[in-house]
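Colleague: Here it is, the structure in full.
The values are calculated or read from the model by the stated rules, or taken from the named source; none is laboratory data. Everything numeric here is computed off the predicted structure, so don't read it as measured data. Please note: Cβ atoms are built from the backbone with ideal geometry, for glycine as well, and neighbour counts cover all protein chains shown.
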Amino acid sequence: MSGKAQLTIIGASDKAFAATLTQLQARGQSDLDRVEASVREIIAAVRSRGDEALLDYVQRFEGRTPSPLLVTEYGGKAALESLEPALREALEEAARRITDYHERQKQQLQGFEYEHEDIRLGSRIQPIERAGVYAPGGKARYPSTVLMTALPARIAGVKHITLACPDTSPEVLAAAHLSGVSAILDAGGAQAIAALAYGTESVPKVDKIVGPGNLFVAAAKRLVFGQVGIDSIAGPSEILVLADESADPEIVAADLLSQAEHDEAAYALLITTSAELATQTQQAVDQQLASLPRRDIASASLRAHGVALVCRDHEHLVQIANLLAAEHVAVHTQDPNAIAAKIRHAGALFIGSSTPEAAGDYLAGPSHVLPTGGAARFSAPLGVYDFVSRTSLISYSPSAIARQAPKIATFARSEGLEAHARAAELRAKRSDS
């Protein structure tokens, strides 16, 4: 790193290239074990003492005593009407676009039934009954996260949506109203996750908990999984910009900083075929940082995780992108559609230099709750499908079980399960008689 540079540039021929790539593949592995003992204690206390413990932890960690803990009449409509017109218009437009996108997604969730040889089979899809959505407080307020989590739940058909968010702002209340939130739990952290998972005197237990949070929230979600469903264990936020010599270094720098300003643990990564672009981007980052209100946070993020890898060619660029399987992948190349078509693993693709990652955060339509830390290899953005359950349907006619009983019994006995075999053979005998 030279001068004031906040971005480390590593060429494909540098000895550090392979080691850095290996480190990046292991990025975002938050040290959940470091906080697990404390989180277990919090969960156990809330599970056994309910509201009393929940209030104790809110007072200890947040310095507040909310009364009541759970609010159903939270004044969301009034909060929406109180916002300055430009912000209200932005929230309403976001809600419309998120709704439109997820309504289309819902159309893809269709059950099915068919009959073959007197056996009726199928799959039934139905919404879960209660969802808990978590929106962080603390360093910033995130009405966008409320929209991006609660709206897919509502569109899926979830009847009761509880938003856990500490010390809500008017913007958050307005977003809750637009999203159809049923109730707001005025608490955050592991204690809020425990209350949603197990229920308290005030807080009804839910079937699934979704939404991002800090290390304590992530650890709590991991520990309550099984008692309830969860969307994922979210790590630090990240952006991967793919660029060639055609890219605008100022726009690339702006995209990197838009992620770096989230928090000090965020990853801002650039993979480029052009060493010159990497240097120009490094300079543009320095220039833009100077006037950034959250420059201290962004600078810390870039110093810890700001990397530009200069690869051999476009094929190498795609190969690295698929290895990293990043949360946000922005494509700034001469033919962005061709590159994007080769990206197999990404939480969300932002295709072309006119498409900022910020559009996905706020207004485009897909949920901005995305897999992090390489989890895009096996998981997906939050969506309507996260709020439904699937039930297999199986119905045999008497003649069908008579035909299949011998094979079922043979299979069962091969596994040493005699009662299974007899359950099929008994039906076959009844069918014969």
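Colleague: I'm checking my understanding of the structure. Among residues of the stretch 195-216 that are within 19 Å of residue 381 (Cα to Cα) and of a type in the set (A, V, I, L, M, F, W, C), which one is surrounded by the most Cβ atoms within 10 Å (Cβ to Cβ)?
Modeller: Ranking the qualifying residues of the stretch 195-216, first place goes to 209.
Colleague: For residues in the stretch 54-95 being among the hydrophobic types (A, V, I, L, M, F, W, C) and in a loop (DSSP other than H, G, I, E, B), which is surrounded by the most Cβ atoms within 10 Å (Cβ to Cβ)?
Modeller: 69
Colleague: Are any residues in the stretch 134-171 among the basic types (Lys, Arg) and either outside the structural domain of residue 97 (by TED's automatic domain parsing) or modelled with pLDDT under 95 (or both), and if so, which ones?
Modeller: Residues satisfying the conditions are 139, 141.
Colleague: I'm checking my understanding of the structure. Among residues of the stretch 7-33 that are in a loop (DSSP other than H, G, I, E, B) and closer than 22 Å to residue 235 by Cα, which one is modelled with the highest pLDDT?
Modeller: Out of the qualifying residues, it is 7.
Colleague: Quick one: residue 265 ticks every box in (1) modelled with pLDDT of 95 or more; (2) under 16 Å from residue 7 (Cα atoms) except a single one, so which number is it?
Modeller: Failing condition for residue 265: (1).
Colleague: Among the residues of the stretch 125-180, what is the count of those that are in contact with a strand residue (DSSP E or B) (Cβ under 7 Å, 6 or more places away or on another chain), surrounded by fewer than 19 Cβ atoms within 10 Å (Cβ to Cβ) and among the aliphatic types (A, V, I, L, M)?
Modeller: The qualifying residues number 1.
Colleague: State yes or no: is residue 20 surrounded by fewer than 18 Cβ atoms within 10 Å (Cβ to Cβ), touching a residue at least 24 places away in the same chain (Cβ under 8 Å) and out of contact with any Phe, Trp or Tyr (no Cβ under 8 Å at 6 or more places or on another chain)?
Modeller: So residue 20 passes the test.
Colleague: Would you tally the residues in the stretch 250-280 being farther than 21 Å from residue 236 by Cβ and either touching a His at 6+ places or on another chain (Cβ under 6 Å) or surrounded by 22 or more Cβ atoms within 10 Å (Cβ to Cβ) (or both)?
Modeller: So the answer is 4.
Colleague: Against the conditions (1) surrounded by fewer than 24 Cβ atoms within 10 Å (Cβ to Cβ); (2) touching a helix residue (DSSP H, G or I) at 6+ places or on another chain (Cβ under 9 Å), where does residue 298 fall short? Just the number, please.
Modeller: (1)
Colleague: Right, next: Across the stretch 101-124, what is the total count of residues that are surrounded by 12 or more Cβ atoms within 10 Å (Cβ to Cβ), in contact (Cβ under 8 Å) with a residue 24 or more places away in the chain and among the charged types (D, E, K, R)?
Modeller: Here the count works out to 5.
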